[in-house]
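Below is one structure; the comments refer to it alone.
Nothing in this text is a laboratory measurement; each read-out follows from the coordinates by a stated rule. Quantities reported herein were computed from a predicted structural model and do not represent experimental measurements. So basically every Cβ, Gly included, is an ideal-geometry build from the backbone, and we count neighbours across all protein chains shown.
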């Protein structure tokens with residue numbers, strides 16, 4: 001047998017003659033430019049090497065001498081992989097479960113055409129955690145809203161008796177459900193939509209947090225509307241928090257016009273906003289909800305759709321499927337991702353640490369009213385928005401924070417989103433806030 005051109009682990013991983021540990025940040029960037037796509041634009045001159053603790057990354061930056069290719073520095077993770085690592089990096093409870101499962105149980109993967117015992121554990125865990133009747137496991141986060149879209153249409157035809165091929169799914173302006181064809185068909189973001197048409201028909205958008213606009217559309221086209229699908233709090237749009245009475249009124253309208261309420265909790269779920277799910281902040285229950293990101297505990301990609309019996313059961317064998325949706329290892333990770341949220345009181349910590357961070361934001365706004373326009377957030381899903389001036393550049397803030405050992409990322413031009421792991425400690429919040437203040441003061 002010929003020897004594989006791939007050997008070693010970690011820094012010694014050597015791939016077709018290139019030892020990964022020998023690469024400088026610039027060389028990593030050049031490889032991505034030469035062999036990758038151009039659908040992301042990562043921060044320059046920084047490469048994450050490994051994890052130090054639940055909220056700290058070890059990154060490699062360019063060396064200032066001609067001897068070393070890079071230096072290593074600590075980086076406080078203020079983004080948490082867009083809320084995919086709510087439980088903290090390498091959460092011991094989840095990692096221990098993975099190791100035990102692979103070494104003792106020894107059942108990584110089987111197809112859905114045969115049952116495995118861990119599926120029962122996953123379904124029982126998620127249905128109890130969400131308070132929903134039924135659960136359909138998926139993999140990537142975008143698959144959750146995609147599936148809610150499909151289920152809503154089928155419910156519309158089978159239950160509501162909408163005229164064939166006339167069902168409408170209503171979305172909110174400024175939404176972000178991912179970048180699949182379904183997601184961008186619902187989007188009004190020109191960067192997501194450019195040159196990808198034609199888009200899915202049967203989509204209408206209304207302004208987010210505008211109950212009058214929603215009611216007007218329901219009155220006009222309610223007989224053909226299957227669902228209103230939206231994020232409880234819009235994350236990618238810049239952490240847009242609706243009025244306190246918005247979601248209760250939406251729930252009332254959906255009930256009145258027999259329209260499903262489908263909530264995308266991919267980013268807002270699993271304790272992020274100070275409750276297990278953001279809709280709980282508003283004392284409502286959706287008909288469908290989609291989750292992802294932290295559902296996999298930062299270890300595996302796991303997503304799901306949970307919903308009411310009469311809605312989910314419209315699916316039939318062959319109408320929906322996923323090779324890796326709910327496979328044994330994912331089921332175990334999904335169970336322990338929930339256990340960690342509950343046992344470690346992470347939603348409560350998000351409320352406490354979020355209030356601490358928000359107080360820092362308010363002090364920042366008071367000190368720099370000419371720079372800080374607005375601060376927003378629930379729990380540890382937060383953002384500060386600067387006034388729309390050329391020198392108040394969110395990307396520049398991200399770059400300068402990186403120099404001070406904090407990883408954050410702008411959304412749009414003038415808004416910076418901060419959403420650290422829910423395990424973050426008080427002193428780390430203070431350090432993060434101090435770095436933000438230093439950067440803003442220098443703008």
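GNM on the chain, alpha-carbon springs under 10 angstrom: the most fluctuating residue among 390, 410, 34 is 34.
At a 10 Å Cβ-Cβ cut-off, how would you order 427, 155, fewest neighbours first? Could the numbers behind the result be given before it?
Numbers: 427 8, 155 26.
Arranged by neighbour count, lowest to highest, 427, 155 become 427, 155.
Calculated FRET efficiency, residue 30 and residue 387, Cβ-Cβ r, R0 35 Å, to nearest 0.05? Write out the running numbers ahead of the final one.
Details: r = 37 Å, r/R0 = 1.05.
Efficiency, from the Cβ-Cβ distance: 0.45.
Sort the chain into rounded, prolate or oblate with this rule: let a ≥ b ≥ c be the square roots of the eigenvalues of the Cα gyration tensor; rounded if a/c is under 1.5, and if a/c is not under 1.5, prolate when a/b is larger than b/c, oblate otherwise. The shape class here is oblate. Considering only 79, 124, 147, the Gaussian network model of the chain with Cα springs below 10 Å gives its largest mean-square fluctuation to 124.
Taking other Cβ atoms within 10 Å as a rough exposure proxy, 302, 352, 94 sort from fewest to most as 352, 94, 302. Between the alpha-carbon centres of region 399-443 and region 236-256 there is a gap of 28 Å.
Which one, 318, 21, 156, has the greatest fluctuation when you compute a Gaussian network model over the chain with C-alpha springs under 10 angstrom? Fluctuation is largest for 318. Averaging 1/r over each pair of different alpha-carbon atoms in region 292-443 and inverting the result gives 17.8 Å, the Kirkwood hydrodynamic radius.
Can you give the relative contact order of the chain as a percent, counting alpha carbon pairs under 8 Å and 6+ residues apart? Let's see the in-between values first.
Values: 880 pairs, mean separation 87.7, N = 443.
Value for the chain: 20 percent.
Note on residue 68 and residue 13: the extension gain reaches 17.9 nm, defined as 0.36 nm multiplied by sequence separation minus the Cα-Cα distance. Between the alpha-carbon centres of region 6-27 and region 74-134 there is a gap of 30 Å.
Beta bridges assigned by DSSP with both partners in the chain are antiparallel in approximately 70 percent of cases.
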